[in-house]
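Inspection log for the structure reproduced underneath, given as structure tokens.
The values are calculated or read from the model by the stated rules, or taken from the named source; none is laboratory data. Small disclaimer: the values here were computed from a predicted structure and weren't measured. Please note: Cβ atoms are built from the backbone with ideal geometry, for glycine as well, and neighbour counts cover all protein chains shown.
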Amino acid sequence: MVTGLVHFLSIATSARSLWYVYAVFYIPSDPHTRLVGGRNQYEGRVEVYHSGEWQTVCDDLWDIKEAEVVCRQLGYGYAILAIHDAAFGEGSGGQWEREWHCNGNETSLNDCSNSSISCSHSEDASVICSGTGEI
């Protein structure tokens, strides 16, 4: 899968005109992590594709270091906020019941240490990323 900024240029002509269409698309670098419920692609509830389904991430000990890792993992710049208590709505599927311990420099949540916990969807973690690569 191609990741990052993808540039596209198309040229069309007619008898009297020449048109240029230029578009830039941003493709997240990790298809197994997404943000849901935000106003744009750079914010929302954190969901991870795990065990064959999209699962939310628990907000226990969730802070800017974990948010930084998620934003980096998606290619969405740096973390502006780490948000608790299902701020972008509660998820409806499974929940990845892990308590995350990131240093902030990891490339993926999977690189962070974690431990098993019990959690409910009212504790779904969210992030707001800076949006590097925004069109």
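Residue under question is residue 106, and the condition is that it be among the charged types (D, E, K, R) and surrounded by 15 or more Cβ atoms within 10 Å (Cβ to Cβ); does it hold? Break it down into steps so the answer makes sense when it comes.
Values: among the charged types (D, E, K, R): yes; surrounded by 15 or more Cβ atoms within 10 Å (Cβ to Cβ): yes.
When the stated conditions are applied, residue 106 passes them.
Does segment 107-122 contain at least one residue that is within 14 Å of residue 35 (Cα to Cα) and without any contact (Cβ under 8 Å) to a residue 60 or more places away in the chain?
No.
Quick check: anything in segment 54-73 surrounded by fewer than 16 Cβ atoms within 10 Å (Cβ to Cβ), at pLDDT 90 or above and of a type in the set (Gly, Ala, Ser)?
Checked segment 54-73: no residue is surrounded by fewer than 16 Cβ atoms within 10 Å (Cβ to Cβ), at pLDDT 90 or above and of a type in the set (Gly, Ala, Ser).
Select from segment 39-55 the residues that are farther than 11 Å from residue 94 by Cα and assigned to a strand (DSSP E or B) and list them in ascending order.
43, 44, 45, 46, listed by residue number.
Out of all the residues in segment 93-113, is one or more at pLDDT 95 or above, aliphatic (A, V, I, L, M) and out of contact with any Asp or Glu (no Cβ under 6 Å at 6 or more places or on another chain)?
No, because not a single residue in segment 93-113 is at pLDDT 95 or above, aliphatic (A, V, I, L, M) and out of contact with any Asp or Glu (no Cβ under 6 Å at 6 or more places or on another chain).
Return the total of residues in segment 33-79 being among the β-branched types (Val, Ile, Thr), within 13 Å of the chain's Cα centre (by Cα) and within 13 Å of residue 129 (Cβ to Cβ). Show your work before the answer.
Within segment 33-79, the subset among the β-branched types (Val, Ile, Thr) is 33, 36, 46, 48, 56-57, 64, 69-70.
Then keep just the ones that are within 13 Å of the chain's Cα centre (by Cα); that gives 33, 36, 46, 48, 56-57, 69-70.
So of that shortlist, the ones also within 13 Å of residue 129 (Cβ to Cβ) come out as 33, 46, 69-70.
Residues flagged as among the β-branched types (Val, Ile, Thr), within 13 Å of the chain's Cα centre (by Cα) and within 13 Å of residue 129 (Cβ to Cβ) within segment 33-79 amount to 4.
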